[in-house]
Amino acid sequence: MTRLISARGLLTRGSSSKTDKIDAVLLARYGCLAQPKAWTPPAERLIQLQALLARLDDLESDLRREQNRYEQACVRGCSGAMKHSFVTSIRALKAPCKRLQQAIAEHFAAHEDLQADLQRRQTIPAVGPKTAMRMLALLQSRPFETARQVAAFLGLVPIERQSGRSVRGRPRLSKAGNPRLRAALYRAAVVATKLNPDIRAQQQRLLARGKAKMATLGAAMRKLVHICFGVLKSKGGYRLPIAHQT
């Protein structure tokens with residue numbers, strides 16, 4: 001496949017069929033036309049960190065579901081045998097969670113650059129260890145050039161829905177990103193509107209302009225992403241805005 005393929009040729013050579021071979025040809029044509037940047041795999045230490053975090057997420061999700069089932073069973077009334085079954089299952093899930101948490105701590109301790117970046121991220125008010133670790137794994141594993149790119153990758157950029165005069169939907173977040181990281185950022189944003197002066201001031205400005213509270217939380221999530229990206233690029237900790245310094 002050469003670069004001589006024109007955009008017009010790409011558009012006119014349509015096909016009503018869809019097979020792996022046709023898809024491969026179309027992707028090859030797109031690559032020749034768009035010339036996207038070559039993908040660079042993350043460093044091994046980041047791949048290992050992502051795997052550890054993903055496994056911990058899975059086990060903690062299983063643990064929460066089992067705990068919820070146990071609580072519901074207790075409310076409805078359950079036998080001693082059922083309670084014993086739940087307690088045994090919950091203990092069996094807590095043990096590997098603790099081992100993974102220890103493995104993650106040891107992984108950071110073994111890599112000084114990761115440990116330093118984690119500590120810098122935790123200087124951001126409302127960003128706890130879990131959110132800091134997940135943002136670190138994301139930001140260091142992909143070549144983001146701007147904070148807006150990160151926000152778009154996580155699905156935090158408002159998407160407009162408009163067609164002619166009849167369709168004018170409210171802008172909504174695209175929700176295209178990692179749902180677990182988005183959930184962590186949402187929880188952090190709720191706390192940040194109370195503890196982070198930078199984000200609290202932003203929310204007050206948006207509320208004064210008539211924005212809905214949920215819209216201000218979406219803006220707070222984007223702001224947290226921008227701050228995390230800035231901390232990564234500057235190699236320094238979070239600095240309180242001058243207006244809020246005492």
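Within the range 75-97, count every residue that is open to solvent by less than 60 Å² (accessible area, probe 1.4 Å) and part of a helix (DSSP H, G or I).
Of the residues in the range 75-97, 9 are open to solvent by less than 60 Å² (accessible area, probe 1.4 Å) and part of a helix (DSSP H, G or I).
Before we move on, is Ile104 open to solvent by less than 20 Å² (accessible area, probe 1.4 Å), out of contact with any Ser or Thr (no Cβ under 8 Å at 6 or more places or on another chain) and not in a helix (DSSP H, G or I)?
no
For the range 20-39, name all the residues that are assigned to a loop (DSSP other than H, G, I, E, B) and either modelled with pLDDT under 85 or open to solvent by less than 60 Å² (accessible area, probe 1.4 Å) (or both).
Pro36, Lys37, Ala38, Trp39
Please count how many residues of the range 40-50 are part of a helix (DSSP H, G or I) and open to solvent by 60 Å² or more (accessible area, probe 1.4 Å).
Summing the residues that are part of a helix (DSSP H, G or I) and open to solvent by 60 Å² or more (accessible area, probe 1.4 Å) in the range 40-50 gives 5.
I'd like to check something: does the range 146-159 contain any residue that is at pLDDT 90 or above and exposed (fewer than 13 other Cβ atoms within 10 Å of the Cβ)?
Yes: one or more hits.
Being in a loop (DSSP other than H, G, I, E, B) and either of a type outside the set (Gly, Ala, Ser) or at pLDDT 90 or above (or both) is the filter; apply it to the range 160-194 and report the residue that is least open to solvent (accessible area, probe 1.4 Å).
Out of the qualifying residues, it is Asn178.
If I ask for residues that are assigned to a loop (DSSP other than H, G, I, E, B), open to solvent by 30 Å² or more (accessible area, probe 1.4 Å) and either closer than 16 Å to Ala184 by Cα or hydrophobic (A, V, I, L, M, F, W, C) (or both), which ones from the range 115-135 would you list?
Within the range 115-135, Gln122, Pro125 qualify.
The values are calculated or read from the model by the stated rules, or taken from the named source; none is laboratory data. Because the structure is predicted, anything quoted here is derived from the model rather than measured. Glycine also receives a Cβ, built like all others from the backbone with ideal geometry; neighbour counts cover every protein chain displayed. Ligands, DNA and RNA are excluded from the accessible area calculation, which covers all protein heavy atoms including side chains. Shrake-Rupley method; radii C 1.70, N 1.55, O 1.52, S 1.80 Å.
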